[in-house]
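Asks: Below is one structure. I have some questions about it.
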Amino acid sequence: MPASGHVTLVGAGPGDPELLTLKALKAIQAATVLLVDDLVSEPIVALAAPTARVVWVGKRGGCKSTPQSFIEKLMITAAQEGEAVVRLKGGDPFLFGRGGEEVEHLLAAGVRVSVVNGITAGLAAVTSLNTPLTHREHAHGVVFVTGHAKPGDSGTDWRALAATARQAKLTLVIYMGVSGSAHIQSELLHGLSADTPVAIIQNASLPQQRHAACTLGALHATIEQEGMGSPAVIVVGDVVQGLLAAELPIQARAGM
Ligand code: SAH
C-alpha cells in the first residue's frame, strides 16, 4: 500500500479548554476521527465537530485502558481511509504521553504525523497558584520526572536525583507519583533535607482543583491525610516555599 494518511498528535493541556493552543483548537475542530486519552476533559472533546467520531481509549468508567497496539492500529487504518485523525492527549504529547512511540509507529506504517504541543500539567499546576518553577534566587532549572516505572524497569534513581537537585538547585516536578509517595519520600530524603518544601496539586486547571503543601518529611502523611489522589503532580523545591508558608495548619497536622 502506498504511503498515505495523516495523524495529528494534539496536546490538550491540563484540562481547562482555555489553555488549549489555537493550533490544537483548529486541529480538534477539523478532525473527523478523535482518539481521546483518559485525562482529556470532556469540555475539550465537546469542541470537536458534532459529526466527528470520538473514541475514548483511556480507563474511563473503570474499564482497562485500550492496548497501545490497538490504538496505533486504529489510527493507521483511519488515516489510510482518508480521515482527519487527531490523537488527543492530556498535557503535552511528548511528556510522559507515549507520543514518541506513536510517532515512530505511524512513520513506520507510512503515515505522516504532526505534533501540536500542549501545556504540561506540572507547569499549569504551579502557575495556577502564582508559583514559578524556576526563580533566580531559588531554582536554576527544573526536572520533569515520572514516579511510575515501566514493568521490569528499575525506575527513577531518586537518590541521584535528590543529590543533583540539591547541588544544582533544581525544582523536581513528579508526575504519577502519588501512589508511590512513601517510597519517593524516603529515597529523596537521602539527598534532600526533610524540611524541603513540597506541594501536591490535584486536578490542576479543572474546577475541582485542590492542593496541599508540606515538607518533604511529611509528604506521604499529607497525601494520606488530605486524601490526595490521581491525577496529581508533586513539586519539590524552594519555589513552593510560599505555598507551604500559607498552609501552616496542614503542616501542624502532619506533625511538623
Ligand atoms: N502528557 C501529560 C502527562 C501524562 S502522564 C502532561 O504533559 O501533562 C499522567 C500524569 O500527569 C498524571 O498521573 C499526573 O501526574 C499528571 N497530570 C495530568 N493532568 C493533570 C492535572 N490536571 N492535574 C495534575 N496532574 C495532572
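The values are calculated or read from the model by the stated rules, or taken from the named source; none is laboratory data. Because the structure is predicted, anything quoted here is derived from the model rather than measured. We place every Cβ from the backbone using ideal geometry, glycine too, and count neighbours over all the protein chains shown.
Asks: Which of the residues spanning the stretch 181-225 are assigned to a loop (DSSP other than H, G, I, E, B), under 16 Å from the mean Cα position of the chain (by Cα) and on the phi < 0 side of the Ramachandran plot?
Replies: A204, L206, Q209
Asks: Ok, one more. Looking at this structure, is E104 within 16 Å of the ligand (Cβ to nearest atom) and exposed (fewer than 13 other Cβ atoms within 10 Å of the Cβ)?
Replies: In short, no.
Asks: Taking G5 and the conditions (1) surrounded by 21 or more Cβ atoms within 10 Å (Cβ to Cβ); (2) small (G, A, S); (3) at pLDDT 95 or above, which numbered condition does it fall short on, given that it satisfies the others?
Replies: Every condition holds for G5 apart from (3).
Quick grid of which residues meet (1) touching an Asp or Glu at 6+ places or on another chain (Cβ under 7 Å); (2) more than 10 Å from the ligand (Cβ to nearest atom); (3) modelled with pLDDT under 95:
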residue: R87; (1), (2), (3): yes, yes, no
residue: L129; (1), (2), (3): no, yes, no
residue: V142; (1), (2), (3): no, yes, no
residue: T146; (1), (2), (3): no, no, no
residue: A160; (1), (2), (3): no, yes, no
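Asks: For the stretch 31-38, does any single residue satisfy the condition of being touching a residue at least 24 places away in the same chain (Cβ under 8 Å), of a type outside the set (V, I, T), crowded, with 23+ Cβ neighbours inside 10 Å and assigned to a loop (DSSP other than H, G, I, E, B)?
Replies: yes
Asks: Suppose we filter the stretch 107-117 for residues that are surrounded by 22 or more Cβ atoms within 10 Å (Cβ to Cβ) and either within 15 Å of the ligand (Cβ to nearest atom) or of a type in the set (S, T, N, Q) (or both); how many remain?
Replies: Step one: filter the stretch 107-117 for residues surrounded by 22 or more Cβ atoms within 10 Å (Cβ to Cβ), giving 111, 116.
After this cut, where a residue has to be either within 15 Å of the ligand (Cβ to nearest atom) or of a type in the set (S, T, N, Q) (or both) as well, the list is 116.
Adding up the residues that qualify gives 1.
Asks: Go through the stretch 65-167 and tell me which helices (runs of 4 or more DSSP H), entirely inside it, have 1 or more residues that are touching a residue at least 40 places away in the same chain (Cβ under 8 Å) and among the charged types (D, E, K, R).
Replies: It comes to 99-108.
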